[in-house]
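These notes are about the structure you will find just below.
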Amino acid sequence: MAKSSLTVHQALAVSLLVYAGSSQLAALPLIAAGLPIWMILLTSFMVNLRFVIFSLGLQAHFSYLPLWRKFFLGYCTADFSYLLYIKRYPEPETKHELLADKECLRLHWMMGMQFSNWFLWQVGSIFGILLASQIPSNWGLEFAGSIALLAIIVPMLDRSSARWAALSAAVVAVATYGIPFRLNIVLAIGAALVVGMMTDRSPKGTIL
Amino acid sequence: MKIDFNITLLIIGMTVVTAWSRSFFLILGERTRIPSFILEAIRFAPLAAMIAILAPEIFLPATASSVAEFNLKLPNIWGGLAAILVFYLTRKMLFTLIIGMAVYTAARFWF
């Protein structure tokens, strides 16, 4: 970000407030090109479409919260917090369980996850902004970051439907790479949902 | 520090868009029920999103603008495949990183 057209102060503000790496990356060339604000905002939204899908999955879990808390909870839910939450708590609590759970364990688990994610992300991001010019880009450090994602992905490939869904997502994401608004991610999700459902032979109600 | 009004507006706008998109369906009230076939289908969404972000990083050059730039001489592909294999077999992250980066670096100098 700091290697772009923004000043360091602006880049820091973007990092702290616009807590969404992919929409930051998508917005930078548009800012540099001087495109109108509404187009940049539209792009941010389109790039964030996968989170719109994720928000469907959380709705039943947190519908009891007041509106502003849901809004804030949603804002803090990035890829990892959604993924790990839904893996741990596939089903929403019933009304009865919710009443018994005085400490709102799930909500606090989620908030703890979100805070750690936010904090580590900010440390990395701010470190990057301040040291951008000192870090050589030809070491392949980004590639090491990509490899690290495997630790999250591979354990999820435990069933054949998940493997088929993953394979179709990979093929679609690569084949349609470069289409506007990073819609290849949304297309890949769509393909994975269809293929995953078609190849799913597990009894209804089991959650990935 | 001179505060650029447009950039400030943009940053605020992007913050709101981020919050709005992430809480898009979450803010619906208790009476709304998402149909169960949708919930069943989106089980695959987080996995697919991760893969959709990762796969182009492995199979296409960082500067690619489309799949036409796919090229078997790309070091990412070999490093990535090696890392996938090692992690699948050993489930050890550090080992995976070392092998993945070693193959990646070797492929960079080889081709």
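Tabulated results
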{"item": "Estimated FRET transfer efficiency (A:Phe115, B:Trp110; beta-carbon r; R0 41 Å; 0.05)", "result": "0.40"}
{"item": "Per-bin percent of Cα-Cα distances, the protein assembly as shown [20 Å]", "result": "29, 59, 11, 0"}
{"item": "Chain A: most fluctuating residue of A:Lys87, A:Lys102, A:Lys70 per GNM, C-alpha cutoff 10 Å", "result": "A:Lys102"}
{"item": "For A:His108, A:His9, A:His61, order by how many other beta-carbon atoms lie within 10 Å, fewest first", "result": "A:His108, A:His9, A:His61"}
{"item": "Label-point separation in nm, B:Ala102 to A:Arg159, each point 7 Å along Cα→Cβ", "result": "3.7"}
{"item": "Phi to ³J(HN,Hα) by Karplus 6.51 cos²θ - 1.76 cosθ + 1.60 over the stretch A:29-45, Hz, x for Gly, Pro", "result": "x, 6, 5, 4, 7, x, 6, x, 4, 4, 6, 5, 5, 4, 4, 4, 5"}
{"item": "Most fluctuating residue given options B:Val16, B:Val86, B:Val67, as computed from a GNM of chain B linking Cα atoms under 10 Å", "result": "B:Val16"}
{"item": "Efficiency of FRET from Cβ geometry, B:Thr8 and A:Leu131, R₀ 30 Å, rounded to 0.05", "result": "0.75"}
{"item": "Using θ = phi - 60° and Karplus 6.51 cos²θ - 1.76 cosθ + 1.60, couplings along the stretch B:47-56 (whole Hz; Gly, Pro as x)", "result": "4, 5, 5, 4, 5, 5, 7, 6, 4, x"}
{"item": "Sorted by Cβ neighbour density within 10 Å, fewest at the top, the residues A:Thr94, B:Thr8, B:Thr105, B:Thr15", "result": "A:Thr94, B:Thr8, B:Thr105, B:Thr15"}
{"item": "Inter-probe distance in nm under a simple model that places probes 7 Å from Cα toward Cβ, at A:Ile37 and B:Met93", "result": "4.0"}
{"item": "Proximal charge balance of A:Ile53 [Cβ under 13 Å; K/R count +1, D/E count -1]", "result": "+2"}
{"item": "Base-10 log of normalised Debye intensity for the stretch A:1-150 (one unit scatterer per alpha-carbon) at q = 0.12 Å⁻¹", "result": "-0.63"}
{"item": "Ratio of the Cα radius of gyration of the stretch B:5-110 to 2.2 N^0.38 Å, where N counts its residues", "result": "1.56"}
{"item": "Nitroxide proxy distance, nm - points 7 Å out along Cα→Cβ at A:Glu142 and B:Glu30", "result": "4.7"}
{"item": "Filtered GluC sites (Glu not before Pro), the stretch B:27-71: DSSP coil and at most 15 other beta carbons within 10 Å", "result": "B:Glu30"}
{"item": "Convex hull of Cα atoms in the stretch A:1-47, direction-averaged projection (nm²)", "result": "2.9"}
{"item": "For the stretch A:141-152, Karplus couplings with θ = phi - 60° (6.51, -1.76, 1.60), whole Hz, Gly/Pro x", "result": "5, 4, 5, 4, x, 5, 4, 4, 4, 4, 4, 8"}
{"item": "Burial ordering of B:Phe24, B:Phe59, B:Phe70, B:Phe44, fewest other beta-carbon atoms within 10 Å first", "result": "B:Phe70, B:Phe24, B:Phe59, B:Phe44"}
{"item": "Residue with peak Gaussian network fluctuation, chain A [Cα springs, cutoff 10 Å], from A:Ser23, A:Ser160, A:Ser146", "result": "A:Ser146"}
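Bear in mind these aren't lab numbers, they're just calculated from the coordinates by the rules spelled out. Because the structure is a prediction, the values reported are computed rather than measured. Counting neighbours? That spans all protein chains shown, and the Cβs are built from the backbone with ideal geometry, glycine included.
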